[in-house]
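The values are calculated or read from the model by the stated rules, or taken from the named source; none is laboratory data. Fair warning: this is a prediction, and the values are worked out from it, not measured in the lab. Glycine gets a Cβ as well: all are built from the backbone with ideal geometry, and neighbour counts include every protein chain shown. To get the accessible areas, we keep the full protein, side chains included, count just its heavy atoms, and leave off ligands, DNA and RNA. Shrake-Rupley method; radii C 1.70, N 1.55, O 1.52, S 1.80 Å.
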Amino acid sequence: MDLPVALRWVFVALALLQLLAFVPAVRRMRRPDPSVRTDGRMDLLDAAASLTFLAAIALGNDPLLLVGGASLGVVIAVKGYRTLRMRREA
């Protein structure tokens, strides 16, 4: 994958912004309520997968891009399943 240098810097900036998503997720993981902790874990996994995906695009690393994309897909699927299950219970 051959990206222009300016576009790579955009992805690096997005990856750095994604690092900021770790702070609220870690704070949610430290709360006493189990459901909030689970949401915090899912948000942490989402931030890590997104960071991996964006870093792979910025670096032009195809195997890392596949790993990041697959893990991001799994996290989004699990979050969607949890949301659907919560709506059906209510």
Computed on Cα atoms, the radius of gyration and Dmax of the chain in angstrom are 15.3, 49
Each label sits 7 Å from Cα toward the beta-carbon; between residue 3 and residue 77 the label points are separated, in nm, by 2.5
In debye to the nearest 20, the charge dipole size for the chain, taken about the Cα centre with +1 at each Lys and Arg Cβ and -1 at each Asp and Glu Cβ, equals 540
The answer for the chain, accessible area per residue at 1.4 Å probe in Å², is 69
Percent relative contact order for the chain, counting Cα pairs under 8 Å at least six residues apart, stands at 28
The percentage of the accessible area of the chain (probe 1.4 Å, all protein chains present) made up of carbon and sulfur atoms, to the nearest whole number, is 68
